[in-house]
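Structure first, then comments.
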Amino acid sequence: MPPIEQDILAAIRHGNEQAFESVFRQYYASLCRYALQLLADPDEAEEEVQGMFLVLWEKRDGIFITTSLKSYLYRAVHNRCLNRIKHVAVREEHREHIRYVGHDTAESPVQTLIGDELSDRLQRAIQKLPEQCRLAFTLSRFDELKYQEIADQLGISIKTVENQIGKALRILRTELSDYLPILVMWLLSYS
């Protein structure tokens, strides 16, 4: 990475809003055009670019880029767009499944309550994770990124990603251990 980019990134890591704004102004339009090629919807493309910049600013102190800044930004937007495409496909598949199966599979009020309670408890447990651990875990489990993509996005090694996700799973297992019997009953009610 060129020294000037290293200086810019160091400034952003230290919370320099002017440095961040200059990067934003320099790359925003071209990143939106790139995202538009992948998503074909200008609003969605812009939303993903804005989301990427938001994550960059929020996680600035934990992001270490080994490639060029431009490569990193394009890769991050690329990954976000692919994830959006995947999520749209999954939602559409779910709609098709519901249409095919019908509404006879509705959950009972107890199943809904247990599912909501478990979901809330899981979200609280995830929020307790150390920052890099939480970020690696959510990128893997919710954004469905591969370990290499997570490593590229966070600027860390694949081994570090594996370690952080393993740590997250150990912590979550402990945090949710009292829920295991309820979770098993809930899952068995679907079989």
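Computed from the coordinates by the stated procedures, all read-outs in this text should not be read as laboratory data. Source: prediction; values computed, not measured. Every residue, glycine among them, receives a Cβ derived from its backbone with ideal geometry; neighbour counts consider all protein chains shown.
General observations
- Length available on full extension from residue 58 to residue 86: 0.36 nm per residue minus the Cα-Cα distance, which gives 7.6 nm.
- Where labels lie 7 Å past Cα in the beta-carbon direction, separation of residue 138 and residue 174 in nm: 2.2
- Rounded FRET efficiency, nearest 0.05, which uses the C-beta distance separating residue 128 from residue 33 and R0 of 30 Å: 0.15
- Residue 21 paired with residue 157, simple spin-label distance in nm, labels 7 Å along Cα-to-beta-carbon: 3.9
- Listed by chain and number, the lysines placed with their C-alpha closer than 24 angstrom to that of residue 70 are 59, 146; residues fewer than eight positions away on the same chain are left out.
- Ranked by the mean number of other Cβ atoms within 10 Å of their residues, highest first, the peptides 131-139, 60-68 fall in the order 131-139, 60-68.
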